[in-house]
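Report on the following structure.
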Amino acid sequence: MSACVAGMQYLPSIEYFAHWKYHGKLIIEKHEHYQKRTWRNKTAILGSQDPLLLSVPLRKGKNQEKPITEVEISYDQPWPQIHLGSIKAAYGKTAFFSELESDIDTIYKNRHQFLWDLNMQFIQLVISFFPGEWNVEYNLSYEVKFNSDVIDIRKGIPAGQSALSKDLVPVYDQIHRFSKSHLPNLSILDVLCHLGPGAIDYLEQYAKALYT
């Protein structure tokens, strides 16, 4: 079995899970230091025109120098309510949002101290909706390079833009966008809310396009 190694991300993109699906195992980088301008604390969901960016605010301080597991979330602003409201506005009328709503609401109400724990709980929620075994491990120490059978995507998988050319991205109908072009590679929430059980087939299509 091959594997991919990725950083812990906030509500990761479809592409993040497509890599995971293709390789059969995800190694999450647990020994890096927090990096600014990555997707560790942000994602993108469906917007009326462009992808809507959601960012988890962090406590002030030298996060750049902190181990990723020690980066703390700030609650100076009511961002959980804002994020939840944005998600409901984007997906409240999709076919499968009602099946996720209660769990998403609970995660935000947990008011996690650490970004790592928030991200991990969302990832665990997501894979609970997918059939089969989703193997995940954590590295024991930081490695600059991995063996050739491990794909390194620790630089981050953006949301709202795809590594695939436009003509290769598998598409599905997105609510509010029936006369507009498909917004590719949003947060995994997008495909779960729109396709429900069909999300796993979509991930397989996406993975095939990535690795063909």
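Rolling a 1.4 Å probe over the heavy atoms of the protein chains gives the chain an accessible area of 50 Å² per residue. The residues Thr43, Thr69, Thr212, sorted by heavy-atom accessible surface at 1.4 Å with ligands and nucleic acids left out, run Thr212, Thr69, Thr43 from largest to smallest. Per-residue packing, averaged as other Cβ atoms within 10 Å, sorts the ranges 17-25, 46-54 into the order 17-25, 46-54, beginning with the highest.
Each Lys or Arg adds one and each Asp or Glu takes one away; over the other residues whose Cβ falls under 10 Å from the Cβ of Lys25, this sums to -2.
What label, among (1) 106; (2) 120; (3) 128, belongs to volume of the Cα convex hull per residue in Å³ computed from the structure on display? Among (1) 106; (2) 120; (3) 128, the one derived from this structure is (2). Of the cross-linked pairs Lys21/Lys166; Lys36/Lys62; Lys36/Lys88; Lys30/Lys145; Lys42/Lys145; Lys166/Lys208, those separated by over 19 Å at the C-alpha level are Lys21/Lys166; Lys36/Lys88; Lys42/Lys145. Within the chain, DSSP assigns beta bridges of which about 40% are antiparallel (rounded to the nearest 5). Summary value for segment 1-111: 21 percent relative contact order, contacts being C-alpha pairs under 8 angstrom separated by 6+ residues. One chain, two ends: Asp152 and Thr38. Fully extended at 0.36 nm per residue, the span grows by 39.5 nm beyond their Cα-Cα distance. Only helices enter this figure: runs of n ≥ 4 DSSP H residues, each worth -39500 (n - 2.57), summed and divided by the residues of the chain, yield -10500 deg cm²/dmol at 222 nm to the nearest 500. Candidates Ile127, Ser162, Leu203 compared by Cα position along the dipole of the chain: farthest toward the positive end lies Ser162, with charges placed on Cβ.
Solvent-accessible surface of protein heavy atoms, probed at 1.4 angstrom with all chains present, puts Val150, Val136, Val144, Val191 in the order Val144, Val136, Val150, Val191, largest first. With contacts taken as Cα pairs under 8 Å and at least 6 residues apart, the chain reaches a relative contact order of 35 percent. Give the carbon-plus-sulfur fraction of the accessible surface of the chain in %, rounded to a whole number; probe 1.4 Å, heavy atoms of protein chains only. Carbon and sulfur atoms account for 49 percent of the accessible area of the chain. Please state the shape class of segment 98-212: rounded when a/c is under 1.5, otherwise prolate if a/b exceeds b/c and oblate if not, all from the C-alpha gyration tensor. Oblate. Spin-label pair Gln77-Val136: with each label point 7 Å from Cα along the Cα-Cβ axis, the two points sit 2.7 nm from one another. Answer rounded, prolate or oblate for segment 23-141, using the Cα gyration tensor with square roots of eigenvalues a ≥ b ≥ c: rounded when a/c is under 1.5, else prolate when a/b is larger than b/c, else oblate. Oblate, because a/c is 1.5 or more while a/b does not exceed b/c.
The values are calculated or read from the model by the stated rules, or taken from the named source; none is laboratory data. Note that the structure is a prediction, hence the values are computed from the model and not measured. Cβ coordinates were reconstructed from backbone atoms using ideal geometry, including for glycine residues, and neighbour counts include every protein chain displayed. Note: areas computed on protein heavy atoms with side chains; ligands, DNA, RNA excluded. Shrake-Rupley method; radii C 1.70, N 1.55, O 1.52, S 1.80 Å.
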